[in-house]
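This report refers to the structure that appears directly beneath it.
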Amino acid sequence: MTTPDPGTLDSADSASISRRDFVRTSSALAAAALAGGNLNALQAAEVPAPPKLVHRPLITPAAKFSDVSRGNPKPHSLKGDALVQARLTPETWRVEITADTTFKEAADINKSFTLADGTALDLAALQELGKKHSVKFLKAMQCLNIPAPLGQGLWEGVPLREVLRLCGTMRNVRRIYFSGFHNNDPKQLFRSSLSYTQAMETPPGELPAFLAYRLNGEPLSLIRGGPVRMVIPWSYGFKSIKWLQRISLTNDYRANDTYAEQNNDPESYLKTAAYIDGLPAKIPAGKPIAITGLVMAGLSGVKGVEYLLQRDEAKPDAAEQWNEAQLEEPPADWSSVLPAGVTPQQVLGFDPKTGKPATWPLRYSMISWAATVKGLAPGKYALRARAVDLNGFAQPEPRPNQKAGRNTPDLREFEVV
Ligand SMILES: Nc1nc2c(c(=O)[nH]1)N[C@H]1C(S)=C(S)[C@@H](COP(=O)(O)O)O[C@H]1N2
Ligand SMILES: [Mo]
């Protein structure tokens, strides 16, 4: 796996990411050999050419996500009484919903929910709302500044719009800000925001912003931001605030996310992008080389994945012949993929009648890709991969601005010996 380029990471991200390799969550022997880049193991497993696609699970165990968390100490390291004081146990968790009166023509709501008057919402209230309005879907978590997905899971919770409805009539509300437990240092505050429209008006068939309290069929763990975290399906990870504690309705029309102050584009949507799994630095000549990776389905969908092999780190130019890779097919049997008791019909993004995915890959989720390369002469090689979206744009298009989400075609260098 590539090491994130520190120059493009904000300091908080680079300081706190634990670079656990997502591909190590793979269980199958051949998959481990391919993804882990251990060519000897690959040969021992006698993987035929063309290789089977990596059978990496579509769902990452909650504890195996790479972690991007601010805070000193980090909220998920708290224990015992400190955890209770932080209101990070299922019994003590509360979320406050208030109107921000500091912005001109101040926001005003009929009902607020506060700790001071004992009305802050608790987990039981949220779960009660979930009996009628819960949503489930498969989503990958991706940091805007780290060139590798963090993990993918089946998230479950209550749409933000249903929670905000509890506030009754609103006046002068243009944005919704939200933040989580940090500690007493204001510098650690990490907040994100949505426009009123994004929060309240989910287009038919689209995925809503929601307050998640389950992941992969289990209560949301502390390390993944439990008891309750915000999940913004269409966004990079920085909008999906962990350890959610405050929702503020404001007339401030600016996307004043903490991330925006660190030179990131806070309005960027998750982009379609391909990633290459680890490859060994030296590969013996004469054996087929299995190259594999992941492709993320961003807002503009996935048409395909292409790769380009060049000698001696040559820079790719427009005339270069990119080759098509093979994409993982949808599972024939979703019961072995989804947590026990969950049918695809219940999951957003699937056809509620047939139980088939409405798009493939599912929007905002990721799947594997693979290709086999044979007959490489000894020498140094550069391997690049790029996703092509449903509008025919190949990476780094459509938005080459790296602060809108890293989107340069992924690169691996190796030597055939
Ligand atoms: N409260 C809080 N929420 C947070 C963060 C944080 O530091 N504090 N990091 C954000 C960022 S930048 C990312 S990429 C995702 C990472 O989610 P994960 O740790 O579950 O993989 O969480 C987001 N939510
Ligand atoms: Mo991030």
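The values are calculated or read from the model by the stated rules, or taken from the named source; none is laboratory data. Only a predicted model underlies this, so the values are computations on that prediction, with no experimental measurement involved. Don't worry about glycine lacking a Cβ; one is built from the backbone with ideal geometry, like all the others, and counts go over all protein chains shown. Protein only, heavy atoms only, side chains kept; ligands, DNA and RNA dropped before computing areas. Shrake-Rupley method; radii C 1.70, N 1.55, O 1.52, S 1.80 Å.
Structure summary
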item	result
Selection from ALA340, PHE178, GLY392 lying farthest towards where the dipole of the chain points positive, charges on Cβ	ALA340
Residue-span extension gain [VAL84 to PHE103] - 0.36 nm each, minus C-alpha spacing	3.5 nm
For the chain, average projected area of the Cα convex hull in nm²	21.1 nm²
Sites LYS74 and GLU128 - FRET efficiency at Förster radius 35 Å, r taken between beta-carbons, to 0.05	0.70
Mean Cα-pair separation over length for the chain, i.e. relative contact order, pairs under 8 Å, 6 or more apart, %	18 percent
Nearest-20 debye value, region 65-262 charge dipole, Cβ charges on Lys, Arg, Asp, Glu	200 debye
Percent carbon-and-sulfur accessible area, the chain, ignoring ligands, DNA and RNA, probe 1.4 Å	52 percent
Extension gain (nm, one decimal) between LEU115 and LYS374, 0.36 nm per residue minus Cα-Cα	86.8 nm
Cα-projected label distance for ASN391 with LEU189, points at 7 Å along beta-carbon direction, nm	3.6 nm
Contour minus Cα-Cα distance for LYS353 and ASP333 (0.36 nm per residue)	5.6 nm
For ALA358, residues with placed amide H under 5 Å, excluding near neighbours	PHE350, ASP351
Low-density loop cleavage sites - GluC sites (Glu not before Pro) in region 244-350, where at most 10 other Cβ are within 10 Å (DSSP)	GLU313
Selection of trypsin sites (Lys or Arg not before Pro), region 68-105, meeting DSSP coil and at most 16 other Cβ within 10 Å	LYS79, LYS104
Estimated [θ] at 222 nm from DSSP helical runs (n ≥ 4, -39500 (n - 2.57)) normalised by residues in the chain, nearest 500	-3000 deg cm²/dmol
Where the chain is the region considered: accessible area per residue in Å², 1.4 Å probe	44 Å²
Charge dipole magnitude, Cβ of K and R +1, D and E -1 - the chain, Cα centre, debye nearest 20	380 debye
Modelled FRET efficiency - R0 30 Å, ARG165 with ASN401, Cβ distances, 0.05 increments	0.25
Given charges at Cβ of Lys, Arg, Asp, Glu: the chain dipole, positive-most of LEU166, GLN188, THR359	LEU166
Peptides 117-125, 172-180 ordered by average Cβ neighbours within 10 Å, highest first	172-180, 117-125
Computed P(r) (all Cα pairs; region 266-417; 5 Å bins; percent)	2, 9, 16, 19, 16, 13, 11, 7, 4, 2, 0
Karplus (6.51, -1.76, 1.60) ³J(HN,Hα), θ = phi - 60°, over region 267-283, in Hz, Gly and Pro reported as x	9, 5, 9, 4, 9, 5, 7, 9, 10, 9, 5, x, 10, x, 5, 10, 10
Separation of alpha-carbon centers, region 75-98 and region 250-291, rounded to whole Å	31 Å
Taking the convex hull of Cα positions in region 65-262, its mean projected area over all directions (nm²)	11.1 nm²
Amide H contacts of ILE241 (H built 1.01 Å from N, under 5 Å, at least 5 apart or other chain)	MET230
Charge dipole (the chain, unit charges on Cβ, about Cα centre) - positive-most of LEU220, GLN198, TYR269	LEU220
